[in-house]
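Here's the structure we're looking at; comments come further down.
The values are calculated or read from the model by the stated rules, or taken from the named source; none is laboratory data. Being a predicted model, the structure only gives us computed values, none of them experimental. We place every Cβ from the backbone using ideal geometry, glycine too, and count neighbours over all the protein chains shown.
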Amino acid sequence: MKVWVTGATGLLGREVMKALRTVPGLAVTGGCWSRRAPECERVDLTDVSATEAFLNRFRPDVIVHAAAERRPDVGENNPDLVQALNVAACRTLARWSAEAGCAMIAISTDYVFDGTKPPYAPDSEPHPINRYGESKLAGERAIRDAGLERGCVLRVPILFGPTGDWAESAVTILARKMLDASAGVTLEMDNWAIRYPTYTTDVAAVLRTLVLREREGKGLRGIQHWSGDEPFTKYTMARVMASVIGFDPARLQPVNAPSAGAPRPKDAHLITTVEGIAKTPFAQAVEQVLRGTPNV
Ligand SMILES: NC(=O)c1ccc[n+]([C@@H]2O[C@H](COP(=O)([O-])OP(=O)(O)OC[C@H]3O[C@@H](n4cnc5c(N)ncnc54)[C@H](OP(=O)(O)O)[C@@H]3O)[C@@H](O)[C@H]2O)c1
């Protein structure tokens, strides 16, 4: 069975590639754009003809769609980019998949919700409050409207995972800020928004399960959720990371008000619907990530 993983050079996509390559009988190819990686094809997903040409040549049986512009502040200022990558590319992939009988498993976000009435089930009413969330919801709807018979949308919250650059994740970037802080300086950290940091290695295991279910003809449909269940703020995540990197937690200052930039939901906790995958405790997973990278 041939699997194409878009966003294979990204934080999540790299773990998905690792998880799928261990499965006998799967031929896995990645999609990349500005970065290069082994067994990845450079395809610009914002270019409809280039994307279709690749799909017609490679003819995947399953697409795991992880490519996106996922930074809310970048999205807020680049409406054309988020429209092309987060919405139109979903439409292109979903239409091709519907026609070819390919299964498409697309990653979406808890930011489709406004965070006022957690926890959220897949059929809870979405109400995004920033352009990134709006674009991801529009991408979900483009997939639904394509009439796909196989596949699902998997919503996940804030991600962290193995990386050579802590700035790649909104979680580990806090450790980067601590290491970069001049001696004696106090760092303000958001203590308002509740987040459920979720480990990309665990999400990759979920996606491997979803791909294997497609192979068995028992794939999940519609919208699914998978989320860590430990509530943190950026301030409390930073305190956990401070102990790993040797930063004095007394230098962290909680801020109990929304942060500047694109609006964020207060608490968009997702109710997990994909059963059977263990959730690595945050402290354990983040320590593995911080100790496994060359940043310390
Ligand atoms: N990170 C989070 O906290 C978070 C939270 C909730 C949901 N999500 C969702 O999870 C998924 C994965 O996110 P991530 O954190 O892994 O993202 P990421 O690390 O920012 O990676 C983005 C990926 O998209 C690729 N890409 C960018 N522009 C492209 C283009 N024009 N054509 C083809 N590929 C392109 C990038 O390729 P190059 O690097 O080669 O340019 C990269 O592989 C996304 O759907 C995101 O919305 C993420």
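Of the residues in the range 37-63, how many are among the small types (Gly, Ala, Ser) and near the ligand (Cβ under 8 Å from one of its atoms)?
Of the residues in the range 37-63, 1 are among the small types (Gly, Ala, Ser) and near the ligand (Cβ under 8 Å from one of its atoms).
Among the residues of the range 64-72, is there at least one that is within 12 Å of the ligand (Cβ to nearest atom), of a type in the set (Val, Ile, Thr) and not in a loop (DSSP other than H, G, I, E, B)?
Checking the range 64-72: at least one residue is within 12 Å of the ligand (Cβ to nearest atom), of a type in the set (Val, Ile, Thr) and not in a loop (DSSP other than H, G, I, E, B).
Take the range 13-36 and flag every residue that is touching a strand residue (DSSP E or B) at 6+ places or on another chain (Cβ under 6 Å), aliphatic (A, V, I, L, M) and more than 17 Å from residue 97 (Cα to Cα).
The answer is 16, 17, 20, 26, 27.
Residues of the range 147-176 being within 21 Å of residue 105 (Cβ to Cβ) and either part of a helix (DSSP H, G or I) or away from the ligand (no atom under 12 Å from the Cβ) (or both), which ones?
Of everything in the range 147-176, those that are within 21 Å of residue 105 (Cβ to Cβ) and either part of a helix (DSSP H, G or I) or away from the ligand (no atom under 12 Å from the Cβ) (or both) turn out to be 147, 148, 149, 150, 151, 152.
Please specify each residue of the range 227-273 satisfying the condition of being crowded, with 18+ Cβ neighbours inside 10 Å, in contact with a strand residue (DSSP E or B) (Cβ under 7 Å, 6 or more places away or on another chain), closer than 23 Å to residue 132 by Cβ and among the hydrophobic types (A, V, I, L, M, F, W, C).
Residues satisfying the conditions are 232, 238, 268, 270.
More than 26 Å from residue 10 (Cα to Cα) and in contact (Cβ under 8 Å) with a residue 24 or more places away in the chain: which single residue out of 149, 125 fits that description?
Unique residue meeting the criteria: 149.
Quick one: what pairs do we get from the range 43-69, first residue touching a residue at least 60 places away in the same chain (Cβ under 8 Å) and assigned by TED's automatic domain parsing to the domain that holds residue 30, second more than 10 Å from the ligand (Cβ to nearest atom) and assigned to a strand (DSSP E or B), C-beta under 6 Å, 6+ apart or different chains?
Qualifying pairs under 6 Å: 61/2; 62/3; 62/103; 63/4; 63/104; 64/105.
May I ask you to verify whether residue 56 is outside any loop (DSSP other than H, G, I, E, B) and within 23 Å of residue 197 (Cα to Cα)?
Against the criterion (outside any loop (DSSP other than H, G, I, E, B) and within 23 Å of residue 197 (Cα to Cα)), residue 56 does not qualify.
Would you check which residues across the range 5-30 are part of a strand (DSSP E or B) and either within 6 Å of the ligand (Cβ to nearest atom) or closer than 20 Å to residue 156 by Cα (or both) and list them?
Those that are part of a strand (DSSP E or B) and either within 6 Å of the ligand (Cβ to nearest atom) or closer than 20 Å to residue 156 by Cα (or both): 5, 6.
Answer with yes or no whether residue 131 is surrounded by fewer than 21 Cβ atoms within 10 Å (Cβ to Cβ) and not polar (S, T, N, Q).
no
What tally of residues in the range 73-115 results from selecting those that are among the β-branched types (Val, Ile, Thr) and part of a strand (DSSP E or B)?
So the count comes out to 3.
Check residue 132 against each of (1) within 13 Å of the ligand (Cβ to nearest atom); (2) assigned to a loop (DSSP other than H, G, I, E, B); (3) assigned by TED's automatic domain parsing to the domain that holds residue 28 and name the one condition it does not meet.
All conditions pass for residue 132, except number (2).
Please determine whether any residue of the range 141-154 is in contact with a His (Cβ under 7 Å, 6 or more places away or on another chain) and within 29 Å of residue 286 (Cβ to Cβ).
no
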